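In what follows, a structure is listed as structure tokens, so that the remarks can point back to it.
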DNA sequence: GTTAGCACTCGTCATGGTAGAGTGCTAATA
DNA sequence: TATTAGCACTCTACCATGACGAGTGCTAAC
């Protein structure tokens, strides 16, 4: 917040950051004495106490109970994260190299990439890694294939310019022959190849709205097929690192765990979340109550998008406790997104 | 175990079952008094106590500590489950109908069926539902399609007689044209259509072992492609109901939860498990230490397979605490497997 | 073979007392 | 005027204690 920058003088800012760093390292409320010991502000614990009382009044810290140390509030963390943005990324070089190596090992197949990436994210951060495959809005049809089997089943396979493959089984009129289907496929391919899938859907909807009778039976079948395959599905969300996060002292409460699991299990929710987020550019940080999802207001979320050329083709992110190592985690998410973007452009 | 049937007389069996039923209903050790109150064996608590001491000696019950009631051991549950097998399924009629309705709502698409089913299983049982799509061993190639994009990328799409679609992206020689690929696809389709995928893999391996030079470049490409797409992947495992299970008093221990999550997160493990299991017929019950997976020896597992004609095309199961409502859960798994088998044969 | 009765064991819960960490306030200091 | 030393106060965590209740095992009587 700029407001925080206005209210706080340099010294108070430094002490606030010190408190937060302390608390990120050790999951207990931090008292005035530890600050004087660990940092050399040249101030006594009494002075630190006064300042911490001020910071509490301003809403950056709070006391779990009287005569305990202080813990940061969401706005405290927010201030801290904002100061991080300003300064150059300080993440450990060795760690950086390790991350790069891990990323390099990811196969260059965009279809397995999300799963691998979410694993990698959780391993690197010790929090929960999530990835989402591209939204239809930004993927481009390369080819559609239709293959009939059984008497009235149709396998529809969609391949995009980005190398993404989607498939679906739909039911069709038993009368439709494979020859008809080939004609339909040819029609769609010639008409829509190179078009964004989202635009195809819109176009199809428009055609549907017009007088249906104007089209012959085949086209109406084609429209039906397209309509069903071009709908979004939450199958493309990958989440990992659940078991690891339970080791953190922040997750000692079983109800909190349940809440988290419930949110994460509902992939529709995560789709909505990442969808919402991929509208913006760059790496974003949501701290506790800032979280767009009500179910996640006790956790923090760091997300970014990766791109193919100018189009964002997917989102990645990390979910963790609000008491999170923001510096490290932000750089992991940021670097991963950039790395994947580069990787995709190299192909 | 038949050994139990030999050792135990009718009365002892009944009391053992009574203790187990009590404990399934309320998650506390059961004492001799509650047995006399809830059941009318016409025996005093003292007699029940003596019998319970006998049952403990025989390994069917155990005391968490002196002067606590008894809880069943794994062999206790095993005995109980065996008695269930004998008698006619007593599950609540209303529940049965509800289950049927839920199952009916599942779409008849074998590609979305596993996910939907696992959800349904967990909702019906309040435990964890898992499903696995068919193993290659038992699925039959209907058609393979090859589609080139970018300069050296190939989308391989596999459609089986069962209606299952699999896809993969592989890297190929940039020199291979779409025309060549069509020829390869034609070759595979003519040569292997109607063959079990597992057999195709074996055949391919054999051809590879022979002098490679005997085949022209195209065939060797084809072999390479087949080899890569016909490998198993753990993407076909669906798990749900995690958050629900945390409400159970059996999961009050955070370490136990972590153990469970770790097992479940590693889908390779689950693949191995269900693979192992689908070798046998019918509904199988694994109680605690009976579990084939070391990581799951604190939980119980009930599994079954569903079939397409004579071939099992997938496995379903439920994971829960050893203190599980076996009667209900077994019937849920059993019925679901049968229902899906019927559904598939109707198509 | 069954049962009543009794002594015994153990976990749970409420109580109280102590130690330690950390605060807020006040008065003294630079 | 800002800082600090000192002190009283508060609250938690921890431990020991004791009462209570649930449940057992054993014995003697039926």
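Go through B:264, B:302 for me and flag whichever is closer than 26 Å to residue B:340 by Cα, surrounded by 15 or more Cβ atoms within 10 Å (Cβ to Cβ) and away from every other protein chain (no Cβ under 14 Å).
B:302
Given the conditions (1) at pLDDT below 90; (2) more than 10 Å from DNA strand C (Cβ to nearest atom), report the number of the one that residue A:82 does not fulfil.
(1)
Only one residue in B:154, B:141, B:181, B:158 is more than 24 Å from residue B:312 (Cβ to Cβ), within 13 Å of chain A (Cβ to nearest Cβ) and part of a strand (DSSP E or B). Which one?
Step by step, each of B:154, B:141, B:181, B:158 is checked, and only B:154 is more than 24 Å from residue B:312 (Cβ to Cβ), within 13 Å of chain A (Cβ to nearest Cβ) and part of a strand (DSSP E or B).
Scan the stretch A:187-206 and report the pairs whose first residue is assigned to a loop (DSSP other than H, G, I, E, B) and whose second residue is modelled with pLDDT under 80, with Cβ atoms within less than 7 Å and a gap of 6+ or a chain change.
Hits for this filter: A:194/A:140; A:195/A:140.
Anything in the stretch A:168-179 that is touching a strand residue (DSSP E or B) at 6+ places or on another chain (Cβ under 6 Å) and at pLDDT 80 or above? List them, or say none.
Correct list: A:178 only.
Looking at the stretch B:42-49, can you tell me whether even one residue there is surrounded by fewer than 14 Cβ atoms within 10 Å (Cβ to Cβ), more than 14 Å from chain A (Cβ to nearest Cβ) and near DNA strand D (Cβ under 10 Å from one of its atoms)?
yes
State yes or no: is residue B:241 loosely packed, with under 15 Cβ neighbours inside 10 Å and either at pLDDT below 80 or in contact with a helix residue (DSSP H, G or I) (Cβ under 9 Å, 6 or more places away or on another chain) (or both)?
No.
So how many residues does the stretch A:151-169 have that are more than 21 Å from residue B:146 (Cα to Cα) and surrounded by 14 or more Cβ atoms within 10 Å (Cβ to Cβ)?
Total satisfying the criteria: 1.
Conditions (1) more than 14 Å from chain A (Cβ to nearest Cβ); (2) surrounded by 14 or more Cβ atoms within 10 Å (Cβ to Cβ); (3) within 25 Å of residue B:86 (Cα to Cα); (4) more than 11 Å from DNA strand D (Cβ to nearest atom), marked per residue:
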residue	(1), (2), (3), (4)
B:22	yes, yes, yes, no
B:25	yes, no, yes, yes
B:29	yes, yes, no, no
B:34	yes, yes, no, no
B:37	yes, no, no, no
B:52	yes, yes, yes, no
B:55	yes, yes, yes, no
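Working carefully through the options A:128, A:144, A:138, find the one that is modelled with pLDDT of 80 or more and either under 21 Å from the mean Cα position of the chain (by Cα) or closer than 28 Å to residue A:299 by Cα (or both).
Result: A:128 is the single residue among A:128, A:144, A:138 that is modelled with pLDDT of 80 or more and either under 21 Å from the mean Cα position of the chain (by Cα) or closer than 28 Å to residue A:299 by Cα (or both).
Kindly list the number of the only condition in (1) assigned to a loop (DSSP other than H, G, I, E, B); (2) more than 8 Å from every other protein chain (Cβ to nearest Cβ) that fails for residue B:276.
For residue B:276, the failing item is (1).
Of these, B:334, B:253, which one is surrounded by fewer than 21 Cβ atoms within 10 Å (Cβ to Cβ), free of Cβ contacts under 8 Å to residues at least 24 places away in the same chain and out of contact with any helix residue (DSSP H, G or I) (no Cβ under 8 Å at 6 or more places or on another chain)?
Every option except B:253 fails the conditions.
I'm trying to understand the selection: among the residues of the stretch A:267-292, which are surrounded by fewer than 16 Cβ atoms within 10 Å (Cβ to Cβ) and more than 19 Å from residue A:333 (Cα to Cα)?
Residues satisfying the conditions are A:268, A:272, A:289.
The values are calculated or read from the model by the stated rules, or taken from the named source; none is laboratory data. Just so it is clear, the structure is predicted and the values come from calculations on it, not from any experiment. All Cβ positions, even for glycine, are placed from backbone atoms using ideal geometry, and neighbour counts span all protein chains on display.
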